[in-house]
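Asker: The following block contains the structure, expressed as structure tokens.
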Amino acid sequence: MARLLYVDDSAELLTLRAATFRMAGFDVILCTSASEGLAWLASSRVDVVVTDYEMPELDGFAFADHARANGCRLPIVMCTGSINLPKSPSRSIDCIVRKGEVPRVLIEAVNTCLRRDAQQAGCGVGMLHSC
């Protein structure tokens, strides 16, 4: 069972996403802030990270950049409803999925990144994949 860290400042969305990922067979850890997510990454084993883009403390790109700077080589998937993403997004993100997509699309993106990571041992660093 893959362990997924989900970082989003919306507690309601986290609850819904946790149920969805648990039904898909994931062990899910929920964090409501970027700093909480970074603390989990520093102290616990996880296999993949999903992060929101628009968060008050650090946006999703800054969160991913901090995670990478601290040695995180896990796949990081961004799930966002924002239409105002930077023209040159961070290369710390492996995949971006729009929040309006059905949950299956996000689960497939996470599974694709996990498979890619297993095949290429840390493929996430410096790669941006459109899912």
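Asker: Mind giving me the nanometre distance, one decimal, between the label points for Arg91 and Ala118, set 7 Å out from Cα along Cα→Cβ?
Answerer: 2.7 nm
Asker: Related question: What ranking do Ser35, Ser43 get, fewest neighbouring Cβ atoms within 10 angstrom at the top?
Answerer: On the way: Ser35 15, Ser43 7.
Lowest to highest Cβ neighbour count: Ser43, Ser35.
Asker: By counting other Cβ atoms within 10 Å of each Cβ, how are Val102, Val7, Val48 ranked from fewest to most?
Answerer: On the way: Val102 9, Val7 30, Val48 23.
Going from sparsest to densest Cβ surroundings: Val102, Val48, Val7.
Asker: In whole angstrom, how far apart do the alpha carbon centroids of the stretch 6-48 and the stretch 62-112 sit?
Answerer: Each part's Cα centre sits 13 Å from the other's.
Asker: Taking square-rooted eigenvalues a ≥ b ≥ c of the alpha carbon gyration tensor, is the chain rounded, prolate or oblate, where a/c under 1.5 means rounded and, failing that, a/b exceeding b/c means prolate? Could you put the intermediate results ahead of the total?
Answerer: Working: a/c = 1.12, a/b = 1.02, b/c = 1.09.
Judged from the Cα gyration tensor, the chain comes out rounded (a/c under 1.5).
Asker: How large is the helix-only mean residue ellipticity at 222 nm for the chain, computed as the sum of -39500 (n - 2.57) over DSSP H runs with n ≥ 4, divided by its residue count, in deg cm²/dmol to the nearest 500? All intermediate terms of the calculation are to be shown ahead of the outcome.
Answerer: Working: 4 runs with 51 residues, N = 131.
Result for the chain, helices only: -12500 deg cm²/dmol.
Asker: Between Arg3 and Glu54, with labels modelled 7 Å along Cα→Cβ, what's the label distance in nm to one decimal, could you check?
Answerer: For the pair Arg3/Glu54, the computed spacing is 3.2 nm.
Asker: In nm, to one decimal, how far is the Arg45 label point from the Ala69 one, both placed 7 Å along Cα→Cβ?
Answerer: My value for the distance between the label points is 2.8 nm.
Asker: Right, next: For Thr51, Thr80, which order do you get if you count the other beta carbons within 10 Å of each Cβ and list the fewest first?
Answerer: Placing the least packed residue first, the sequence is Thr80, Thr51.
A short reminder: the numbers here are calculations on the coordinates, not readings from a lab. Just so you know, these numbers come straight off a predicted model, no measurement behind them. Neighbour counts run over all protein chains shown; Cβ positions are idealised from the backbone, glycine included.
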